[in-house]
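Written below as structure tokens is the structure these notes are about.
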Amino acid sequence: MEKTIEWIKEENCSRMVDQLVIPYEHKKVDIKTSSDMYDAIKTMIVRGAPAIGIAGAHGVCLAAIESKEKANFIEEVKRIADYINSSRPTAVNLAWAIKEQLEILEKNSSKTPDEIIELLIENAIKLENEDIEINKKIGDFGATIIPKGATIQTHCNAGALATVGYGTALGVVRSAFKNDPTIKVFADETRPRGQGARITTYELTRDGIDTTLITDGMGAYFMKKGMIDVVVVGADRIALNGDSANKIGTYMVAIAAKYHNIPFYIAAPKSTIDPSIKSGDEIVIELRNKEEVTIVNDKPICTDKVNVINPGFDVTPAELITGIITEYGIFKPSEIHKLFE
Ligand code: MRU
């Protein structure tokens, strides 16, 4: 399985699929400095909660390599790690993976910078490998809730490209497809960045999965017509009460699903659950620039006199979520806190 993001030992760099050029090109870029990693996350060369988590872990390795001659090595790596962490606020996986790396830094602070760098790289590669294994488990648990011949609606891209490989919501699709090649997917376009149109349809059609692209406003129409059997999406941060942040528009899909009695599932690893927050009200929503909304194919689509607001995510309340599919099994939102007890 291709790793969409991986540490390259020989080059001491992070190699990742450039998600900005999918589906026109499938090319990789090498990120060699911590400031380039900040930019890669911010501009969404790498995107998707688990993938930016790994990018953060690689960013700490780069920070350590850059700082190894500095007298205040430990402090300097922590400072750069904080900077990388500030690139995108909503997906908790970024903070989680950086914290894992900083724990290694702290625990081994008596060792030499070279020894610490070795340990950080080792841990980053471990996190990469674990990500794929976790996603396969999520996929296999999730496949059990997909009815035979079902049509699955998904939003954004929670696929191989949003992770190191296999995907979370699309991991569920992949595992279900192995047992039942008649399943179908309706992929929401996902304005403004088009992750559904550009990335989800690219991934699924490459795997030979029957995929239909719909615009973000069409879901309720197809639900009413009885053409959607189940919704499965990813998440960027899940609160202890099960409230789940995901790409803007997810909340609207969940409301429509509830109205039409269609099961709505979140698929996400334990690292996407933030045990420090009790409810979704505490989730910081990233505000992105207005040009993402107003410019399409390098041209404005509206007058420059109009106001624009561009939140990247919304929070789906737990009461709209049928279940949360994790690598430990499927939980009711009200039970998810048990993973931390
Ligand atoms: O802004 P993005 O493209 O990084 O947002 C991604 C999502 O909202 C995904 O659904 C989420 O990160 C889960 S990816 C497995």
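The values are calculated or read from the model by the stated rules, or taken from the named source; none is laboratory data. Quick caveat: nothing in here was measured; it's all calculated off a predicted structure. Cβ coordinates were reconstructed from backbone atoms using ideal geometry, including for glycine residues, and neighbour counts include every protein chain displayed. SASA here: full protein model, heavy atoms, side chains in, ligands and nucleic acids out. Shrake-Rupley method; radii C 1.70, N 1.55, O 1.52, S 1.80 Å.
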- Pairs where the first residue, in the range 273-294, is closer than 16 Å to I248 by Cβ and the second is away from the ligand (no atom under 15 Å from the Cβ) and open to solvent by 70 Å² or more (accessible area, probe 1.4 Å), C-beta under 6 Å, 6+ apart: T294/P300
- Query: So, in the range 293-317, of the ones that are surrounded by 13 or more Cβ atoms within 10 Å (Cβ to Cβ) and within 16 Å of the ligand (Cβ to nearest atom), which residue ends up nearest to K258 (Cα to Cα)?
  - Reply: T316
- Task: Within the range 237-262, track down each residue that is more than 27 Å from E341 (Cα to Cα) and more than 11 Å from the ligand (Cβ to nearest atom).
- Result: Y251, M252, V253, A254, I255, A256, A257, K258, Y259, H260, N261, I262
- Here is a list of conditions, (1) in contact (Cβ under 8 Å) with a residue 12 or more places away in the chain; (2) under 25 Å from I266 (Cα atoms); (3) away from the ligand (no atom under 16 Å from the Cβ); (4) not aliphatic (A, V, I, L, M), and N93 meets all of them except one; can you say which number that is? (3)
- Cross-chain or 6+ apart pairs with Cβ under 6 Å, the range 256-272 first and farther than 19 Å from L170 by Cβ, then surrounded by fewer than 17 Cβ atoms within 10 Å (Cβ to Cβ): A256/A220
- Go through the range 169-185 and give me each residue that's open to solvent by less than 20 Å² (accessible area, probe 1.4 Å) and either more than 16 Å from the ligand (Cβ to nearest atom) or touching a residue at least 40 places away in the same chain (Cβ under 8 Å) (or both). A169, G171, V172, V173, A176, D180, I183
- Scan G217, G234, G194 and give me the residue that is surrounded by fewer than 21 Cβ atoms within 10 Å (Cβ to Cβ) and within 11 Å of the ligand (Cβ to nearest atom). G194
- Query: Across the range 194-214, what is the total count of residues that are among the hydroxyl-bearing types (S, T, Y) and assigned to a helix (DSSP H, G or I)?
  - Reply: 4
- Scanning the range 201-214 residue by residue, those open to solvent by 70 Å² or more (accessible area, probe 1.4 Å) and either under 21 Å from A256 (Cβ atoms) or among the aliphatic types (A, V, I, L, M) (or both) turn out to be L213
